[in-house]
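The values are calculated or read from the model by the stated rules, or taken from the named source; none is laboratory data. Note that the structure is predicted; figures quoted are calculated from it, not measured. Positions of Cβ are backbone-derived with ideal geometry, glycine not excepted, and every protein chain shown enters the neighbour counts. Quick note on the areas: whole protein, heavy atoms, side chains included, nothing else; ligands and nucleic acids left out. Shrake-Rupley method; radii C 1.70, N 1.55, O 1.52, S 1.80 Å.
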Amino acid sequence: MKKVQQMISAVIFLAVLFGLMFSSLLLPKKSVSETENRTLAEVPQLTAAGVRDKSYMDGVETYAADHFVLRDQWVAVKSAAELAAGKKEIGGVYITDERLIGKLTEDEVDEVRLKQSIDGVRAFAQNTETPVAMLLAPTAAEVYSDTLPAYAPNLDQQQLISRVADDLRGDVTMINVYNSLYAMRNEYIYYRTDHHWTSYGAFLAYQTAIKKLGFSPVSYEMYNIEHAADDFRGTLYSKSLYRGIEPDMIDLYHYNGTDPVTSVTINDGLNETEYQSIYFWDFLNTSEKYSVFLGRNAAMVTVRTNVKNDKKLLLIKDSYANSMLPFLTEHYSEIVLLDMRYVRGDYHAYVDPDQFSQVLVLYNVSNFATDGNIKLLAAQ
């Protein structure tokens, strides 16, 4: 009798499994996962080479996993089961009591790529007469390292920042914001479910950076704060699908007076489109809520202001810079943001660094240590 029950259970399980697989084939396919905020795999092309090197079957497996019916629910159940079993890391995300923290270890730092990035910034600085400063922003994994699970591997980001500073000494002015952030670590300076710093975290970094750039920072009291969203679940949630952390709030800072921004021109590498604001409120109604800051990442963005000092800043950056931009607009008549991940060809086709008053290179440590595009700054 027991064997019969086991056979019946096995048949039911297989029937459900094949039913789900069949449903996955029949149901309409999505190209993007809103929950995970990423593009889903497409059907791989069948080629003889792909069969030989097994890339075709790998592609089929990835496609099937991405489009499996009720995939998000299955992933959430899997995450819950792993946590129940005592696991503290899911999908490269550490689960702590207060927040999700993106994993960054020494093993994930490609030494060759890191050296290429450092050499790229050095060559860029040596090839222009414009003063170059650099800000490497620590991630939450550094500021909240004491909250990570016991014995969790974690990169010493301060050590890496010091190493970069030593390598660039004499060519680039380094701006270290770690102390400013750590001193306020009990405040809301990093999102709980996303890898970015919050607007307040960006403001603290701005206060330090702008002094190094030769300006007096605008005081906190001069801003009106708009609580634009309180249901933001960001990139770290998308990786783990862990819902045990409170959703985030997105705050937008508005200068208490006239908005200095007069125009925003976005160049995606093919076309230019002009807007009137650095805030794109429509994204607050999507899963890409952080894109309220300047919209989706693009090759080049030109921000013009009513500041009458003829100071122009070239900001070579990742998305950490997007939420610092509102504060920088108080000091420059023009700011051009260049994202090397989206630049097509030689960056000189977009900008001439010698036409600017200052250059600021701003990346978070994780991106700087892993991005393969920064080396392209070495182009002359």
Original post:
Where only protein heavy atoms count, and the probe is 1.4 Å, what is the accessible area per residue for the range 126-263 in Å²?
Top reply: 46 Å²
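Calculate, in nm to one decimal, what residue 352 and residue 179 gain on full extension: separation in residues at 0.36 nm each, minus their alpha carbon distance.
Fully extending the segment from residue 352 to residue 179 adds 58.9 nm.
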Original post:
In terms of modelled amide H atoms, which long-range or inter-chain residues lie less than 5 Å from the amide H of residue 360?
Top reply: 133, 314, 315, 316
Original post:
Tell me, what ³J(HN,Hα) does each residue in the range 151-156 have, in order and in whole Hz, if you take phi through Karplus 6.51 cos²θ - 1.76 cosθ + 1.60 with θ = phi - 60° and put x for Gly and Pro?
Top reply: 6, 5, x, 8, 5, 7
Original post:
Per q in 0.16, 0.23 1/Å, what log10 I(q)/I(0) does a Debye calculation on the alpha-carbon atoms of the range 249-363 return?
Top reply: -0.72, -1.49
**OP:** May I ask which of 289/375; 115/375; 88/239; 239/289; 212/375 have a Cα-Cα span longer than 18 Å here?
**Re:** 289/375; 212/375
Subject >> Residues with amide H under 5 Å from that of residue 96, placed H, sequence gap 5 or more >> reply: 101
**OP:** Read phi for every residue in the range 196-204 and hand back ³J(HN,Hα) as whole Hz from Karplus 6.51 cos²θ - 1.76 cosθ + 1.60, θ = phi - 60°, with x for Gly and Pro.
**Re:** 7, 6, 7, 4, 5, x, 5, 5, 4
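Note the full-extension length gain between residue 268 and residue 219 as 0.36 nm times their separation in residues minus their Cα-Cα distance, in nm to one decimal.
14.3 nm
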**OP:** Could you order peptides 256-266, 345-355 by the average number of other Cβ atoms within 10 Å of their residues, highest first?
**Re:** 256-266, 345-355
Original post:
Over the Cα atoms of the range 194-324, what is the Rg over Rh ratio if Rh follows Kirkwood?
Top reply: 0.96
Original post:
For residue 174, which sequence-distant residues (separation of 5 or more, or a different chain) have an amide H within less than 5 Å of its own amide H, given hydrogens modelled in the peptide plane?
Top reply: 134
Original post:
Between residue 370 and residue 231, what is the spin-label point distance in nm, taking each point 7 Å from the Cα along the Cα→C-beta axis?
Top reply: 2.9 nm
Original post:
How much accessible area per residue does the range 317-380 have, in Å², with a 1.4 Å probe?
Top reply: 29 Å²
Original post:
How large is ³J(HN,Hα), in whole Hz, for each residue of the range 115-132 in order, when computed from phi with the Karplus curve 6.51 cos²θ - 1.76 cosθ + 1.60 and θ = phi - 60°, using x for Gly and Pro?
Top reply: 4, 5, 5, 4, 4, x, 5, 4, 4, 4, 5, 6, 8, 10, 7, 6, x, 10
Subject >> Candidate aspartates and glutamates for bridging to residue 312, where Cα separation is under 15 Å - those fewer than 8 sequence places away on the same chain excluded >> reply: 129, 330, 334, 352, 354
